[in-house]
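Here the structure is laid out as structure tokens; the discussion comes afterwards.
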Amino acid sequence: MNITAILGLAGTIIGLVRALPQLLGLLRSKEALGVSVDTALTSAIVSFGWAIYGFLTQQPYVVLATGSSGVVFLMIAVSAVRFGRKLREIRVTPVWFLVLVSAFLVKEEVGLGIILPVSILVSNVPQIYVAAREEDLKDLSLGTWVLSMSDGFVWGIYSLIENDYSIMVFALFQLITSGAVTFLKLSNQKKIQGGD
């Protein structure tokens, strides 16, 4: 097994599990304080877009990791709405869905390869916004965002070896935005613990 296969396998495993802590936390608490439904739903659409890109570029690790995480993000979005988030919070998702479909229709995998790396910013920025504005982030999963940082790191190394600039840009943005959410969550925990 070569290094690309090992990284692809590691990225696939992280992709399979990275959103599970958030889903399990929502199902356990039956609340969605601090969780952005717009991020969850946009992440699902973006993940399915990456799965299509991986299929078109013959990268099975990308297909498996992103397709499975898309399903979990969809379940998170449904759970977040069920446990208190409002549908009116969904603003970015429909617009970005149209952007991804248009990119695919115009240039297929090249179009997706151009648009998808930016998608991580589009999907994660609403979560940064919610985490920065809301006082109680108890239902926002630290584990999901630490795994998302790991996801960016592993796919970044994979992209350097595979020389895939689309995955490289995605990985950088994933690392930065997930790091921001992680920082906000940890700051919130420290503030809450200090206030008790």
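The values are calculated or read from the model by the stated rules, or taken from the named source; none is laboratory data. If you're wondering where the values come from, they're calculated on a predicted model, not measured in any experiment. Glycine also receives a Cβ, built like all others from the backbone with ideal geometry; neighbour counts cover every protein chain displayed.
Of all residues in the stretch 122-146, those that are surrounded by fewer than 20 Cβ atoms within 10 Å (Cβ to Cβ) and part of a helix (DSSP H, G or I) total 8. Whether a residue is over 17 Å from GLN174 (Cβ atoms) and among the aromatic types (Phe, Trp, Tyr) was assessed, and PHE48 does not pass this test. Scanning the stretch 105-114 for residues that are in contact (Cβ under 8 Å) with a residue 40 or more places away in the chain and surrounded by 15 or more Cβ atoms within 10 Å (Cβ to Cβ) gives GLU109, LEU112, GLY113, ILE114.
Looking at SER79, SER102, can you tell me which residue is out of contact with any strand residue (DSSP E or B) (no Cβ under 6 Å at 6 or more places or on another chain), free of Cβ contacts under 8 Å to residues at least 24 places away in the same chain, on the phi < 0 side of the Ramachandran plot and of a type in the set (S, T, N, Q)?
Values: SER79 fails: free of Cβ contacts under 8 Å to residues at least 24 places away in the same chain.
Result of the check over SER79, SER102: SER102.
For the residues LEU9, LEU27, LEU33, LEU16, the requirement of being surrounded by fewer than 24 Cβ atoms within 10 Å (Cβ to Cβ) and modelled with pLDDT of 95 or more singles out LEU27. Does ARG91 qualify as being within 23 Å of ILE176 (Cβ to Cβ), surrounded by fewer than 16 Cβ atoms within 10 Å (Cβ to Cβ) and among the charged types (D, E, K, R)? In short, yes. Contact map, the stretch 171-196: first residue within 18 Å of TYR129 (Cβ to Cβ), second residue outside any helix (DSSP H, G or I), Cβ cut-off under 7 Å, separation 6 or more or different chains; pairs are LYS185/LEU137; LYS185/LEU140; ASN188/LEU137. Considering every residue within the stretch 154-164, establish whether at least one is of a type in the set (A, V, I, L, M, F, W, C) and within 26 Å of PHE83 (Cβ to Cβ). Looking through the stretch 154-164, none of the residues is of a type in the set (A, V, I, L, M, F, W, C) and within 26 Å of PHE83 (Cβ to Cβ).
May I ask you to list the residues in the stretch 25-41 that are of a type in the set (Gly, Ala, Ser) and in contact (Cβ under 8 Å) with a residue 60 or more places away in the chain? Matches in the stretch 25-41: GLY25, SER29, ALA32, GLY34, SER36.
Scan the stretch 58-67 residue by residue and report those that are over 11 Å from the mean Cα position of the chain (by Cα) and crowded, with 18+ Cβ neighbours inside 10 Å. Correct list: GLN59, TYR61, VAL62, VAL63, LEU64, ALA65, GLY67. One residue stands out in the stretch 151-180 among those that are under 14 Å from ALA19 (Cα atoms) and touching a Leu at 6+ places or on another chain (Cβ under 9 Å): the one that is surrounded by the fewest Cβ atoms within 10 Å (Cβ to Cβ), namely GLY152.
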